[in-house]
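All of the numbers you see were taken from the coordinates with simple rules; none came from a lab. Here the structure is a predicted model, which is why all the values come from computation and not from measurement. Cβ coordinates were reconstructed from backbone atoms using ideal geometry, including for glycine residues, and neighbour counts include every protein chain displayed.
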């Protein structure tokens, strides 16, 4: 790409994404140090990192939020975004990847760990986001580039193009690299620039075959290179570089680099490749299909609370200039600040490509494109993921319930992958998220940011009960005090219904023995009694028929017949052989194919019934396992599934049916319900 091209201007943005433990934040710190943005590379041990600088991140040893750092490499401005590595915090990572010009996927050097980045590659491929892979920790003795490349290719829809091959010493340790385009070799120096050395003769054969593979990958998208390959003509380096840049910008090919970020090995080489190949903001805006407009245009990645700046927006500028006091959407920008991890520096204005914090953005939302006076949705913005874990929460002190509601609303606003749900049947407020870590981070924020003391518990299961035997019953409600009394006399017939048919009420009243105006009151009383059956749970799948009765011209009323209906049901239900019903969910577990047997064992261990499994549509190397699992046994399912699939597996679930429960499990559920009703 020519630097004179009018689109080749503005601050470029690269997002770093990868699985937990891959060294992603270490690479982020190394990139900042090698470009001169920091005096020394930050380390988690010394608590000097630019990323992972929050107390929660350092306590857990993982990235818990996006870290943005403005920097400059050689003669060009950059914004680097370090994304959370935990799959439970993937929502923030997706937002960053959507607005980045290029994504650096950081992978482990071990083939068996390749699946850990499969969901990331799937997301990038689905949205044609340009990305490169950096295989980190290549200083490990057992690290193997080719085996890892092969494993990564098995889960990538795009062809992977190895850009370099390793130099090894006599012990087999990687000590440098050979660039396959320039055909030059470098020996690494820890924390220092690498030394250019002659290409070892022993590597010539490996270099030739690897370079041929690179050219074959490019030839699929470049007719000129294809013709040269077919005629045994070696393309010049400039032509190969140009082809790589074009293919990367269109997400046709994924270049693969490697190094050891802890020692800054391979990091300068990565920087040079980014400088040459990373698209510019105008190209990215065109790829995304952002609406063409005049003036300033920005997109919001995330909203957050920022001290005196109030509700702030993390935003990327696509065109124009953002200034203090200008109006974007419906908000007047209170401040424009550059970011360097947790540090914000007021700068008054910012230009195209920059990622900045905008203060006092009261109405802006993540996934919006803002212009002066208008806001519209960002094209193809990812929807929040469905919740996979939940906790029942309530304030320790009832007086703080209103404060808790306000705090939860703020958390959900800042993190759309969190949600809340009030379950009417159990009276619980649920905090829902992507896993245990995600929920614990939210609870920590409720305590640290809002000073709330909370009680948490496993969510109650929505058990139901029904009857298995028909019965008839005569009930009379009679009460006399001063003035008009209360009188209602009814005969009910109750029968079980097929599972899932619900409640039905009818009458066979003749001769006006129960006046028509009182029949709805009987039904209301019956329905009220069904809210809590003999076992303490709502009663379902029953039919009730009013067959006979009598009334008093003065003392009968709607209220009296309602009371009679409720009383009749309370008296008759215990004699109808009530049984407990538990909800059963239809669950679809998505896992890499190698882990399908593990997923099946997980289902079997949770009283599940496997319905079958098949290849997951659109997911290379993945399967879907369909099963029916009782809701009570889905607690902790996502944690176990991830632990058995290197963090890659996930599932979706929906209610399927109610099934009779007996034995010890039923006894425990009834006892727990009785205890809960005492509170």
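Normalised by 2.2 N^0.38 Å, with N the number of residues, the alpha-carbon radius of gyration of segment 183-256 equals 1.27.
Sorted ascending by nearby beta carbons within 10 Å, beginning with the fewest, 361, 98 become 98, 361.
Computed from Cα positions, the angle between helix 267-277 and the longest principal axis of the chain comes to roughly 90 degrees.
Where a ≥ b ≥ c are the square roots of the eigenvalues of the C-alpha gyration tensor, would you call segment 367-406 rounded, which needs a/c under 1.5, or, failing that, prolate if a/b is larger than b/c, or oblate? Oblate, because a/c is 1.5 or more while a/b does not exceed b/c. Using the Cβ-Cβ distance between residue 601 and residue 660 with R0 set to 25 Å, the FRET efficiency from 1/(1 + (r/R0)^6) comes to roughly 0.45.
Compared with the dominant principal axis of the Cα atoms in the chain, helix 401-414 is inclined by about 40°. Using alpha carbons only, how many angstrom separate the centre of segment 198-242 from the centre of segment 542-563? Result: 90 Å between the Cα centres. Please report, in cubic angstrom per residue, the volume enclosed by the convex hull of the alpha-carbon atoms of segment 111-165. Once divided by residue count, the hull of segment 111-165 is 79 Å³. When the alpha carbon gyration tensor of segment 289-377 is reduced to an equivalent ellipsoid, its three semi-axes come out at 19, 13, 12 angstrom, largest first.
Each stretch of four or more DSSP H residues adds -39500 (n - 2.57); spread over every residue of the chain, this sum gives -8500 deg cm²/dmol at 222 nm. Cβ crowding within 10 Å ranks 278, 545, 83 as 545, 278, 83, fewest other Cβ atoms first. Using the Cβ-Cβ distance between residue 204 and residue 250 with R0 set to 22 Å, the FRET efficiency from 1/(1 + (r/R0)^6) comes to roughly 0.10. The largest-to-smallest principal axis extents of the Cα set in the chain are 108, 57, 47 Å. Rg then Dmax, both in Å and based on the Cα atoms of segment 469-576: 13.6, 47. Shown here are the Rg and Dmax of the Cα trace of segment 12-285, at 17.8, 60 Å. The alpha-carbon atoms of segment 389-457, seen along their principal axes, cover 30, 28, 19 angstrom, with the largest extent given first.
Ordering 528, 26 from the fewest to the most neighbouring beta carbons within 10 Å gives 528, 26.
For the pair segment 577-604 / segment 335-377, the C-alpha centres are spaced 44 Å from each other.
For the pair residue 611 and residue 128, a Förster radius of 41 Å applied to the C-beta separation gives a FRET efficiency near 0.75, rounded to the nearest 0.05.
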